[in-house]
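Asker: The structure under discussion is supplied below as structure tokens; questions concerning it will follow.
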Amino acid sequence: MIPAANHFDACRRRANAPLTDPERNRVIGAGTPRFELYHFALSLCSQKVRACLAEKGASYIAHDINIQPGNYHLDYIRLRLLGRAGRDLARGYTGRSSMRTEGFDPAVVPTLLDLRDKQVHVDSVRICEHIDAACDEGTALITAAQRERIDREIAIVDATPHVAILYGAHPDGDFRPRKIRSVMAGVHDRKIAKLRAALERARGDPALEAALDAKIDKESAGKAHVATPDVMRATVREIVATVAALNRRLDDGRVWVCGDAYTMADVMWATSLFRLKWIGMAFCWRGDHPLNDKPQPRVAAYANRLFGRPAFQQAVIRWPGTPTSEYITEYDRDPGPAET
Ligand SMILES: N[C@@H](CCC(=O)N[C@@H](CS)C(=O)NCC(=O)O)C(=O)O
């Protein structure tokens with residue numbers, strides 16, 4: 001029996017072997033990194049983790065692995081599977097990325113390695129919780145006193161169907177950034193073709209075969225989901241309602257979503273609201289749009305506070321490689337502080 005730590009080291013070495021481009025593989029922050037993050041610039045779940053690491057001031061090795069459309073590296077999936085911990089594989093598709101409701105997806109980012117305890121952590125919510133608990137640096141983003149409220153907010157963001165609105169068009173008018181519209185045309189077929197090819201390469205490794213098989217089912221369900229007009233209409237209505245409900249919670253004038261202190265719930269909301277803006281859905285709080293006429297001024301002000309945080313700017317808004325969009329042009333003019 002190979003000791004777990006040796007197995008971790010061997011899987012990590014194999015996964016890292018092809019990751020040599022210095023622009024995509026680099027150390028963020030100062031000091032000896034405790035963490036290693038496999039992520040993708042545009043990935044919402046990766047953005048949550050990068051924002052959390054930046055708020056904590058933690059240093060880490062960042063590997064930007066381009067997972068779109070479906071560049072599935074078997075050694076990366078093998079490494080990620082070490083963090084599965086018996087969870088069911090995700091097979092269905094609801095347009096959400098929550099591991100709690102959808103199951104474990106073996107072929108996604110982010111994945112976090114804790115190099116101190118040699119553990120693989122999966123799922124942005126779990127990863128952020130681990131970082132907050134493990135880091136000596138920075139202030140606590142999850143406090144015992146606020147735990148329930150923070151968890152409630154995190155669950156709302158986690159359940160928001162962000163994946164559906166990225167991969168699918170609204171049937172009455174595709175508001176997504178122009179560049180994304182063309183990238184997403186036919187994306188599920190391209191992913192499925194790459195997954196089938198990966199499955200052939202994985203033959204003889206039952207865990208990997210099962211993982212890829214489930215992912216093929218999930219992507220097939222995703223293709224059908226985003227091609228169903230009423231589903232996409234309902235998805236956008238749901239997000240509009242989620243933002244309206246957030247506005248009502250902010251009605252008492254609180255600065256951050258759980259009160260006066262910035263918490264992990266704000267890390268999640270920052271990422272979610274910025275994604276909505278980037279994708280062309282700031283109409284959720286601006287109103288005056290065929291898909292939502294009602295402005296939500298508390299959310300508008302809250303979003304400005306969130307987007308103005310230096311850690312969020314560095315980790316998300318100005319993160320190199322994040323595709324620009326015609327909806328965030330105010331950030332194009334000022335290149336911001338140099339990357340560390
Ligand atoms: N529950 C996971 C979901 C991760 C996830 O869905 N990642 C997306 C990007 S946000 C991804 O890697 N998609 C690529 C693909 O499915 O091929 C988390 O929150 O980390």
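Asker: May I ask you to list pairs of residues, at least six apart or on different chains, whose Cβ atoms are under 8 Å apart, with the first in region 299-319 being under 16 Å from TRP278 (Cβ atoms) and the second being open to solvent by 30 Å² or more (accessible area, probe 1.4 Å) and modelled with pLDDT of 95 or more?
Answerer: Close Cβ pairs satisfying both conditions: ALA300/ARG286; PHE307/GLN313; PHE312/GLU55.
Asker: Condition first: within 20 Å of the chain's Cα centre (by Cα) and within 16 Å of the ligand (Cβ to nearest atom). Now tell me which residues in region 175-208 satisfy that.
Answerer: Hits for region 175-208 are ARG176, ILE180, VAL183, MET184, VAL187, HIS188, LYS191.
Asker: When the residues of region 232-278 are filtered to those that are touching a residue at least 60 places away in the same chain (Cβ under 8 Å) and open to solvent by 40 Å² or more (accessible area, probe 1.4 Å), which remaining residue is nearest to the chain's Cα centre (by Cα)?
Answerer: Result: GLU238.
Asker: Out of region 284-298, which residues are without any contact (Cβ under 8 Å) to a residue 24 or more places away in the chain, open to solvent by 10 Å² or more (accessible area, probe 1.4 Å) and part of a loop (DSSP other than H, G, I, E, B)?
Answerer: Correct list: ASP288, ASP293, PRO295.
Asker: Next question, about the same structure. Residues in region 13-53 that are small (Gly, Ala, Ser), crowded, with 22+ Cβ neighbours inside 10 Å and within 12 Å of TRP319 (Cβ to Cβ): how many?
Answerer: Adding up the residues that qualify gives 3.
Asker: Of all the helices (runs of 4 or more DSSP H) wholly in region 4-111, which have at least 1 residues that are in contact with a His (Cβ under 6 Å, 6 or more places away or on another chain) and near the ligand (Cβ under 9 Å from one of its atoms)?
Answerer: Those helices (runs of 4 or more DSSP H) span 44-56.
Asker: For region 319-328, check the following and say yes or no: at least one residue is in contact with a Phe, Trp or Tyr (Cβ under 6 Å, 6 or more places away or on another chain), open to solvent by less than 40 Å² (accessible area, probe 1.4 Å), farther than 17 Å from THR242 by Cα and modelled with pLDDT of 95 or more.
Answerer: Scanning region 319-328, I find at least one residue that is in contact with a Phe, Trp or Tyr (Cβ under 6 Å, 6 or more places away or on another chain), open to solvent by less than 40 Å² (accessible area, probe 1.4 Å), farther than 17 Å from THR242 by Cα and modelled with pLDDT of 95 or more, so the answer is yes.
Asker: Shifting gears a bit: Select from region 128-158 the residues that are under 22 Å from TYR93 (Cα atoms) and open to solvent by less than 40 Å² (accessible area, probe 1.4 Å) and write down the one among them that is farthest from the ligand (Cβ to nearest atom).
Answerer: Of everything passing the filter in region 128-158, ALA155 is farthest from the ligand (Cβ to nearest atom).
Asker: While we're looking at this one, here's another question. Going by what's in this entry, would MET281 be described as open to solvent by less than 30 Å² (accessible area, probe 1.4 Å) and part of a loop (DSSP other than H, G, I, E, B)?
Answerer: Here the answer is yes, as MET281 does meet what is asked.
Asker: Across region 94-104, what is the number of residues that are open to solvent by less than 40 Å² (accessible area, probe 1.4 Å) and touching an Asp or Glu at 6+ places or on another chain (Cβ under 9 Å)?
Answerer: Total satisfying the criteria: 4.
Asker: Using the structure shown, decide if ARG190 is touching a helix residue (DSSP H, G or I) at 6+ places or on another chain (Cβ under 7 Å) and open to solvent by 50 Å² or more (accessible area, probe 1.4 Å).
Answerer: No; evaluated as a whole, the condition is false for this residue.
Asker: Checking PRO3 against (1) more than 16 Å from the chain's Cα centre (by Cα); (2) closer than 27 Å to THR160 by Cα, which single condition isn't satisfied?
Answerer: Unmet condition: (2).
Asker: Would you point out which residue out of ALA211, ALA221 is under 20 Å from ALA164 (Cα atoms), within 13 Å of the ligand (Cβ to nearest atom), open to solvent by less than 70 Å² (accessible area, probe 1.4 Å) and touching a residue at least 40 places away in the same chain (Cβ under 8 Å)?
Answerer: Just one listed residue meets the conditions, ALA221.
Asker: From (1) modelled with pLDDT of 95 or more; (2) open to solvent by less than 40 Å² (accessible area, probe 1.4 Å); (3) over 20 Å from LYS215 (Cβ atoms), pick out the condition that doesn't hold for ASP123.
Answerer: For ASP123, the failing item is (3).
Let's see how each residue does on (1) closer than 20 Å to SER43 by Cβ; (2) modelled with pLDDT under 95:
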site: ASP158; (1), (2): yes, no
site: SER182; (1), (2): yes, yes
site: ALA202; (1), (2): no, no
site: ASP217; (1), (2): no, no
site: THR235; (1), (2): yes, no
site: GLU238; (1), (2): no, no
site: ALA241; (1), (2): no, no
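Asker: What are the pairs with Cβ atoms under 7 angstrom where one residue, in region 82-105, is without any contact (Cβ under 8 Å) to a residue 40 or more places away in the chain and the other, located anywhere, is near the ligand (Cβ under 9 Å from one of its atoms) and among the charged types (D, E, K, R)? Sequence gap at least six, or different chains.
Answerer: MET99/ASP123; GLU102/ARG96
The values are calculated or read from the model by the stated rules, or taken from the named source; none is laboratory data. Bear in mind the structure is a predicted one, so any value in this text is a computation, not a measurement. Cβ coordinates were reconstructed from backbone atoms using ideal geometry, including for glycine residues, and neighbour counts include every protein chain displayed. Please note that ligands, DNA and RNA were not included when accessible areas were found on the heavy atoms of the full protein model with its side chains. Shrake-Rupley method; radii C 1.70, N 1.55, O 1.52, S 1.80 Å.
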